[in-house]
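*Asks:* A single structure is presented below for examination.
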Number of protein chains: 2
Amino acid sequence: MVQYQQIDRTFGALSDPTRRAVLERLGTGSATITELAEPFEMSLTGMKKHVRVLEEAELVSTEKVGRARRCSLGPRRLEDAQTWIESYRENLEGRLDRLGELLESQKGKKR
Amino acid sequence: MVQYQQIDRTFGALSDPTRRAVLERLGTGSATITELAEPFEMSLTGMKKHVRVLEEAELVSTEKVGRARRCSLGPRRLEDAQTWIESYRENLEGRLDRLGELLESQKGKKR
């Protein structure tokens, strides 16, 4: 159940373009909330909310440095989300292949 | 921008365990809302809402058959979500590799 909740948070965090852009930005190095907010012309409050969602998903870590809050990539690397999508697609493709084989074999019988 | 909104919907749709389970169920074949709701002990209204989210993300298609609404997998196969995660992770790994090389070369200089 814990696993489920974590992957829910991962996908939820990725469902917003600003949050995906923040992850890409932090991939180049850590940044303060102010630095993150600037290119988006976003209020600090707005950016703080996005960072909080990313932090709850463990995709971002933050620490207070002086008066600023410095953000960097967290312990999670989207493995769980990638694994779920991949296994879902593989499973689906396997079923479609078997359906194709079944249709082929039916065609063969009709001939 | 349209692309962005679509991937937002894809990730948003995947952020719920019931919706992920519905996708897995529909991978085995189409089902009515009633059939989908049953194993989750969920109200029809609740399941309809989940199906609507999946439909907006184009992950599920529905059609009215008599009095029932039949659901099947939609045109999208999570390609966009998979592509985003993969390119993000590859990019990140590339940066970590280069950082590792830089640290190695610095160690070499110190010797």
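Computed from the coordinates by the stated procedures, all read-outs in this text should not be read as laboratory data. It should be emphasised that the depicted structure is a prediction, and the values quoted were computed from it without experimental measurement. Here the Cβ is made from the backbone with ideal geometry for all residues, glycine too, and neighbour counts use every protein chain on show.
*Asks:* For A:E86, which inter-copy label distances result when the label point lies 7 Å beyond Cα on the Cα-to-Cβ vector, reported in nm to one decimal and in ascending order?
*Replies:* 1.0
*Asks:* If you don't mind, there's one more thing I want to ask. Treating each Cα of the stretch A:1-98 as an identical point scatterer and ignoring solvent, apply the Debye formula and state log10 I(q)/I(0) at q = 0.18 Å⁻¹.
*Replies:* -0.81
*Asks:* Above 15 angstrom, tally the Cα pairs of the stretch B:72-111 and express them as a % of all pairs, no decimals.
*Replies:* The calculated P(r) of the stretch B:72-111 puts 61 percent of pairs beyond 15 Å.
*Asks:* Say a label goes 7 Å from Cα toward Cβ at A:Q6 in every copy; what distances in nm does this one have to the rest, shortest first?
*Replies:* Here the equivalent label points are 3.2 nm apart from this one.
*Asks:* If you project the alpha carbons of the protein assembly as shown onto their three principal axes, what span does each projection cover, largest first, in Å?
*Replies:* 76, 42, 35
*Asks:* Count the lysine pairs in the protein assembly as shown whose Cα atoms lie under 27 Å apart, taking only pairs 8 or more positions apart in sequence or on different chains.
*Replies:* Pairs that pass both the separation and distance tests number 5.
*Asks:* Collect residues whose amide H, placed 1.01 Å from N in the peptide plane, falls under 5 Å from the amide H of A:S61; neighbours closer than 5 in sequence don't count.
*Replies:* Close amide H contacts, sequence-distant or interchain: A:S72, A:L73, A:G74.
*Asks:* Please provide three numbers in whole Å: the alpha-carbon extents of the stretch A:1-54 along the principal axes, with the largest listed first.
*Replies:* 37, 23, 16
*Asks:* Mind pulling the angle between the C-alpha long axis of helix A:44-56 and the longest principal axis of chain A? Nearest 10 degrees, somewhere in 0 to 90.
*Replies:* Helix A:44-56 sits roughly 50 degrees off the main axis of chain A.
*Asks:* Would you kindly derive the ³J(HN,Hα) couplings of the stretch B:85-90 from the backbone phi angles with the Karplus curve 6.51 cos²θ - 1.76 cosθ + 1.60 (θ = phi - 60°), listing them in order in whole Hz, with x for Gly and Pro?
*Replies:* 4, 4, 5, 4, 5, 4
*Asks:* Taking the label point 7 Å from Cα in the Cβ direction, how far apart in nm is A:A21 from each other copy of itself, listed shortest first?
*Replies:* Copy-to-copy label distances at A:A21, shortest first: 3.7 nm.
*Asks:* Cβ under 10 Å from A:T62's Cβ, A:T62 left aside: what net charge do those residues give with Lys, Arg +1 and Asp, Glu -1?
*Replies:* Within the 10 Å Cβ shell, the charges total +3.
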